[in-house]
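Have a look at the structure below before the remarks.
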Amino acid sequence: MTPFEIVTAILNLLALILIPIIAVIIGQHLQNVSAKRKDKMDVFKTMMMNRIGWSVEGTRAMNIIDIVFSDDKNVRQAWSEYYHALCVKDPDEIQLKQMQQVQDKLLEKMAISLGYKDKITWETIQNSYVPKGMMEAMDQQQIIQKGQTELAKVAGAFAQMINTNAANQAPNRQEDNPHANT
């Protein structure tokens, strides 16, 4: 055998051994990249579907943003800002508008992260479709919830008033009848 044939045989043997290993490594890497993109897309789609109102799925999506977008500093920063905006107790109209703007900014950063920079714009994010009947139902639900909250406050105050009145009358009963215990 000539030296050229020996080198060719060794290269062929190495190719037979290394090519399947390299193919498996590349295939696994591509599957990991695809799975990460799918997870990001699932969170983004859920957040887009829940731009108006709340859902369990939307809350779950928000709770995994730090995991799914762990490699994107801009998305995580936008999520942090949105989270802090959401932590306002009893927000007024200005704060509610600010929450919406910060949420839209988060969605914009997610779209950019997914490669939709020119396809999903700020205007696209802000233009959500909500049927009139759904909006009316949401408004009625808010009215009912506010009414229930007010009713609970009144009931609590009334119960406290009754308890206070009963506690004040209890000592008076014993004073009115000093022989009741004897």
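The values are calculated or read from the model by the stated rules, or taken from the named source; none is laboratory data. Just so it is clear, the structure is predicted and the values come from calculations on it, not from any experiment. Every residue, glycine among them, receives a Cβ derived from its backbone with ideal geometry; neighbour counts consider all protein chains shown. Heads up: the accessible areas ignore ligands, DNA and RNA and are worked out on the full protein's heavy atoms, side chains in. Shrake-Rupley method; radii C 1.70, N 1.55, O 1.52, S 1.80 Å.
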Mean residue ellipticity at 222 nm from the helices of the chain, using -39,500 (n - 2.57) per DSSP H segment of n ≥ 4 over the full residue count, to the nearest 500 deg cm²/dmol?
-> -27500 deg cm²/dmol
Report Arg37's accessible area, 1.4 Å probe, all protein chains in place, as a number in Å² to the nearest 10.
-> 100
Using the alpha-carbon atoms, what tilt in degrees (0 to 90, nearest 10) does helix 3-49 show relative to the longest principal axis of the chain?
-> 20
Under a Gaussian network model of the chain whose springs join Cα atoms within less than 10 Å, the largest fluctuation of Lys153, Lys40, Lys105 belongs to Lys153
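Restrict the search to segment 13-118; then list the chymotrypsin sites (Phe, Trp or Tyr not before Pro) that DSSP places in a loop and that have at most 11 other Cβ atoms within 10 Å of their Cβ.
Details: sites: Phe44, Trp54, Phe69, Trp79, Tyr82, Tyr83, Tyr116; in loops: Trp54, Phe69, Tyr116.
The qualifying sites are Trp54.
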Pairs beyond 21 Å (Cα-Cα), from Lys132/Lys153; Lys36/Lys109; Lys45/Lys89; Lys97/Lys153 = Lys132/Lys153; Lys45/Lys89; Lys97/Lys153
So, with +1 on the Cβ of K and R and -1 on the Cβ of D and E, and no other charges, what is the size of the charge dipole of the chain about its Cα centre, to the nearest 20 debye?
-> 340
